[in-house]
1. Using amide H atoms built in the peptide plane, which far-off residues or other-chain residues are under 5 Å from residue 207 H to H?
2. Kindly state, as a whole number, the per residue volume in cubic angstrom of the convex hull around the alpha carbon atoms of the stretch 82-212.
3. Would you tally the net charge around residue 217, using a Cβ to Cβ cut-off of less than 10 Å, leaving residue 217 out, and scoring K and R as +1, D and E as -1?
4. Can you compute 3J(HN,Hα) from phi for each residue in the stretch 184-191, using the Karplus curve 6.51 cos²θ - 1.76 cosθ + 1.60 with θ = phi - 60°, rounded to whole Hz and x for Gly and Pro?
5. Considering amide H positions built from the backbone, and no H for Pro or chain starts, which residues 5 or more places from residue 176, or on another chain, come under 5 Å of its amide H?
6. Averaged per residue, what accessible surface does the stretch 119-158 expose to a 1.4 Å probe, in Å²?
7. Please report, as a whole percent, how much of the solvent-accessible surface of the stretch 76-148 comes from carbon and sulfur atoms (probe radius 1.4 Å).
8. Quick one: 3J(HN,Hα) in Hz for the stretch 82-97, Karplus 6.51/-1.76/1.60 with θ = phi - 60°, rounded, Gly and Pro as x.
Amino acid sequence: MGPVCRRVRLDFVPSNLTSPQDGTMLTLTHGTSAEFTAALARPGVLKPGGQFATFTLAGEFERSREDGTSIRTVFYQPCVAAGRLAGRLGTLGAGEAISGTGVLAAYEGEIVIVVQDAARLPSEHVRLELDGGGAARLLRARWRVRARGVLITPPQAQRLENEVPVTNIRLGLTPKRAEGTETQLVPLELAAYGELAVVLAGQGKGNYLDTWGVLQRRQGAQRRFSRLEVQDVEPLHGTRALL
């Protein structure tokens, strides 16, 4: 009999969740998804009551640029889980590796992944590496995020010193609303290079997009923020994007 892979799921995905520790609201979004294989950078934190957990997934992998060269990508992504899944993920130790899926959400002023499905990987210390702060990350990791929304700023097109075009723009994600309530769009920064930058530069505020890429945490002048480095993009119907 071969090895057993134990898989756990989030029992429900409500319109929003509340952290039992401080009452902070977690706002889930429509049209988003994340797929990952990564390690817990540090031990998970299970909140009082055992129904809400926070943790950070970390990993690195090689990917190809448009010119054929490869680039090493490192990611550290804050995550949360609820229900019975929180009880399992919130008690895992640093370096434990998992593979799973989730959706994007806003929590405490930043973008997090709400993990909905996860499977534990075998212990392979050869795939783990510690960074300068002692956090573990998984080598040969996997990380891909999809985000669908409406552009809420005009594109900002520039060129790097090597003349490669780069475009920055902000996407508004639709929150999952409880019936009878109104919630503002959740903003997500987008950045694209090369041919994809040209595609984004041709879009305007109010356009609908489906995008795929690598979600990264960036340090701005005053705060940290999340940015999706676009690896694929699909403009959607201008007025009736949703069926």
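1. For residue 207, the qualifying residues are 151.
2. Taking only Cα atoms, the stretch 82-212 has a hull volume of 170 Å³ per residue.
3. Spelling it out: positives minus negatives among the neighbours equals +2.
4. 5, 4, 8, x, 9, 6, 10, 9
5. Amide H neighbours of residue 176: 28, 29, 30.
6. 59 Å²
7. Roughly 50 percent, rounded to a whole number.
8. Using θ = phi - 60°, the values come out as 10, x, 5, 5, 4, x, 8, 5, x, 10, 6, x, 4, x, 5, 9 Hz.
The values are calculated or read from the model by the stated rules, or taken from the named source; none is laboratory data. Every value quoted in this text rests on a predicted model; they were computed, and no experiment measured them. FYI the Cβ positions are ideal-geometry reconstructions off the backbone, even for glycines, and counts take in every protein chain you see. Heavy atoms of the whole protein, side chains included, go into the accessibility calculation; ligands, DNA and RNA do not. Shrake-Rupley method; radii C 1.70, N 1.55, O 1.52, S 1.80 Å.
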